[in-house]
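Working notes for the structure below.
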Ligand SMILES: N[C@@H](CCC(=O)N[C@@H](CS)C(=O)NCC(=O)O)C(=O)O
């Protein structure tokens, strides 16, 4: 099976690069990682838009068929390549349900709050569109959300229990990104401990160190 990942440094694609490294797929001869220059607009070329009509990274070509949206790519990598390596729970296990719940939660529910906080106060957004009360509300909701994640991690080192899984990469990359957006994790000791363990993984260091963080 050939895999071609279209990515960019410090982008939504970086968690996928990390997952390929965890799975040992990044060094396989039939895996290619193609870095696009987003500043130069390579993601808007006709050839790329034919693969991903949204003109963003990541896109993963699986035997020539494009798959896009980071969460879908990560869950597919787990299903197709993670189960056999013990890095993603098998179908029909309770752990698979836990993995799908937390990984979807972080991209959809928690991710929505990150976007609200970003668009209502970011210097990159037209100040006329800023909204301080909405931004403060989103920050508060993210803190409460991290509190729920903290409670989940209180009696297990990793999201699914005793062992690391790709679910940790998916959730931890988004939580790490939110810290770059100014959301503190200081009050959430289990989240802090889990993020530190995640960031100590060799594949994390290989992928992220020097690359910055964006989920
Ligand atoms: N929801 C998408 C977001 C992808 C996305 O926004 N990627 C950014 C990089 S972080 C991008 O390619 N931006 C280029 C552009 O908008 O032209 C996903 O998770 O795959």
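Coordinate-derived values only; no laboratory data. Just so it is clear, the structure is predicted and the values come from calculations on it, not from any experiment. A quick note on method: Cβ atoms are made from the backbone with ideal geometry, for glycine too, and the neighbour counts reach across all protein chains shown.
Multiplying the residue separation of residue 132 and residue 34 by 0.36 nm and removing their Cα-Cα distance gives an extension gain of 31.4 nm. Between residue 140 and residue 199, the simple spin-label model (points 7 angstrom out along Cα→Cβ) gives 2.8 nm. Distance between the C-alpha centres of the stretch 34-100 and the stretch 111-157: 25 Å, rounded to the whole angstrom. Over the stretch 99-191, Cα pairs under 8 Å with separation of 6+ residues give a relative contact order of 33 percent. Under the shape rule built on the C-alpha gyration tensor, where the axes satisfy a ≥ b ≥ c, the stretch 1-87 is prolate, since a/c reaches at least 1.5 and a/b is greater than b/c.
Sequence-distant contacts, meaning Cα pairs under 8 Å at least 6 residues apart, place the relative contact order of the chain at 23 percent.
Take every Cα pair under 8 Å whose residues are at least 6 apart in sequence, average their separation, divide by the length of the stretch 3-85, and the relative contact order is 36 percent.
Overall, the anisotropy analysis places the stretch 94-201 in the prolate class: the square-rooted eigenvalues a ≥ b ≥ c of its C-alpha gyration tensor yield a/c not less than 1.5, with a/b exceeding b/c. Rg and Dmax over the alpha-carbon atoms of the chain stand at 17.4, 51 Å. Each label point was placed 7 Å from the Cα along the Cα-to-Cβ direction; for residue 163 and residue 109 their separation is 2.7 nm.
If I take R0 = 45 Å and measure r between the Cβ atoms of residue 209 and residue 1 in this structure, what FRET efficiency does the formula 1/(1 + (r/R0)^6) give, to the nearest 0.05?
With R0 = 45 Å, the Cβ-Cβ based efficiency is 0.95.
Kindly state, to the nearest 0.05, the FRET efficiency for residue 44 paired with residue 186, given R0 = 30 Å and r defined as their beta-carbon distance. It comes to 0.15.
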